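Q: One structure follows; several queries about it will come next.
We did not get these values from a lab; they are worked out from the coordinates using the rules stated. Nothing here was measured: the structure is a model prediction, and the numbers come from that model. Using ideal geometry, Cβ is built from the backbone for each residue, glycine included, and neighbour counts are taken over all protein chains shown.
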Ligand SMILES: [Zn+2]
Ligand SMILES: [Zn+2]
């Protein structure tokens, strides 16, 4: 039986890798992929990609960077959704600018991105 290198748990015989660790790593990769683009968004050099059910829908979701089909709130992107762009300033301009859950996740990711930047600068 295989033992997972990351968590030390036995890997079931019918599996090639430890499932919980794969999921965690996937989330970590997805998180890491947001850091650099988010810093550019914060600096005003890049805008967030928004997805709405129509041009007139008032609360668009926000797409994850480096992903074609996922949003910050976990909703899968449907090809019917209308893509647009939104600046960090616009997102911050009021509570009604985007999906509540997307905003919550985005703000947490942005805080992490800015903390990592500070660490990188002082290191
Ligand atoms: Zn594991
Ligand atoms: Zn959302």
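Q: Whole angstrom only: what separates the Cα centroid of the range 70-111 from the Cα centroid of the range 1-31?
A: Cα centres, the range 70-111 to the range 1-31: 30 Å.
Q: How would you order 101-109, 4-12 from highest to lowest mean count of nearby Cβ atoms within 10 Å?
A: 101-109, 4-12
Q: If I fit a long axis through the Cα atoms of helix 100-122 and take the longest principal axis of the Cα atoms of the chain, what angle between them do I get, 0 to 90°, rounded to 10?
A: 70
Q: Let me ask something else. Please compute the length gained on full extension between residue 28 and residue 117, using 0.36 nm multiplied by the number of residues separating them and subtracting their Cα-Cα distance. Write out the running numbers ahead of the final one.
A: Numbers: separation 89, 0.36 × 89 = 32.04 nm, distance 1.71 nm.
Between residue 28 and residue 117, full extension yields an extra 30.3 nm.
Q: Now for a separate question. Report the Stokes-Einstein translational diffusion coefficient (µm² s⁻¹, integer) for the range 35-122, Rh taken as the Kirkwood radius over Cα pairs, at 4 °C with viscosity 1.567 mPa s. Could the numbers behind the result be given before it?
A: Numbers: Rh = 13.2 Å.
This corresponds to a translational diffusion coefficient of 98 µm²/s.
Q: While we're looking at this one, here's another question. Quick one: if you stick a label point 7 Å off each Cα along the C-beta vector at residue 70 and residue 101, how many nm between them?
A: Placing both labels 7 Å along Cα→Cβ, they lie 1.4 nm apart.
Q: Please give, to one decimal in nm, the separation of the simple spin-label points placed at residue 47 and residue 59, each 7 Å out from Cα toward the Cβ.
A: 2.2
Q: Full-extension gain between residue 83 and residue 21, please, as 0.36 nm times their residue separation minus the C-alpha to C-alpha distance.
A: Details: separation 62, 0.36 × 62 = 22.32 nm, distance 3.28 nm.
Fully extending the segment from residue 83 to residue 21 adds 19.0 nm.
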